[in-house]
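Each reported figure results from applying straightforward, stated rules to the coordinates on display, with no laboratory input. Predicted, not measured: the structure shown is a model, and the values here were computed from it. As a convention, Cβ positions derive from the backbone with ideal geometry for all residues, glycine included, and neighbour counts pool all protein chains shown.
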Amino acid sequence: MMKVAALIVGLLFSILPVPDISEVRQSYREASTDGEAATRLYQDLSTISKGEDDVLIAYKGGVTTMLAKYAKTVKEKKMFFKEGITFLEYAVEKAPNNIEIRYVRLSVKENAPKITGYKKNLDEDKDFILNHLSSVENPEIKKYIKGYISQSKIFNESEKQSVLDD
């Protein structure tokens, strides 16, 4: 009986559509300032699990940490933040040279409250992005990350200018 149930659940998850990465990017940006958008994206990524697309895992981690911002209780805030960090760090561990995953982690670190202690090594991701953005071949990803850099407070004007001139 348990095998049948597991098979049915597996089949259901296999027929659910994988979220479109372009839509995920747009939704992620909206989720940073809109609790309803964060909840929708979290639901859209709910079927993504470890072992699947590393970039989607990173976005799942990022949006899960955002839910901490909108949670009502301290317990919920801690739960969402810890769960999100777990997914995010897993994605970085699996694909440490993926600039988009590093961007997601940097965006979380930049916006994480100091009390979380998740601001450590912030410069590692920032430097990685600055050193590798020019070699990104996908114009959508490049434009997307440049958009983040242009409004981010952790990049100085000189860094922003050098990236935007590229």
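Here are a few things to note about the model shown:
- FRET E, pair Lys143, Ile115, Förster distance 25 Å, beta-carbon r, rounded to 0.05: 0.15
- Using the Karplus relation 6.51 cos²θ - 1.76 cosθ + 1.60 with θ = phi - 60°, the per-residue 3J(HN,Hα) values for the stretch 43-51 come to 5, 4, 9, 4, 8, 6, 10, 4, x Hz, with x marking Gly and Pro.
- Equivalent ellipsoid semi-axes - Cα gyration tensor, the stretch 105-166, angstrom: 22, 12, 10
- The chain - convex hull of alpha carbons, volume per residue in Å³: 127 Å³
- Sequentially through the stretch 29-40, phi angles give Karplus couplings (6.51, -1.76, 1.60; θ = phi - 60°) of 4, 5, 5, 5, 10, 9, x, 5, 5, 5, 5, 4 Hz, Gly and Pro residues having no value and appearing as x.
- Each part reduced to its alpha carbon centroid, the stretch 45-76 and the stretch 107-139 end up 17 Å apart.
- The chain: most fluctuating residue of Lys72, Lys109, Lys82 per GNM, C-alpha cutoff 10 Å: Lys72
- Over all Cα atoms in the stretch 29-99, the spread is summed up by Rg and Dmax: 11.7, 36 Å.
- Length added when fully stretched, Lys94-Lys75, from 0.36 nm per residue minus Cα-Cα: 4.0 nm
- Mean residue ellipticity (222 nm) of the chain, computed from DSSP H runs ≥ 4 via -39,500 (n - 2.57), nearest 500: -23000 deg cm²/dmol
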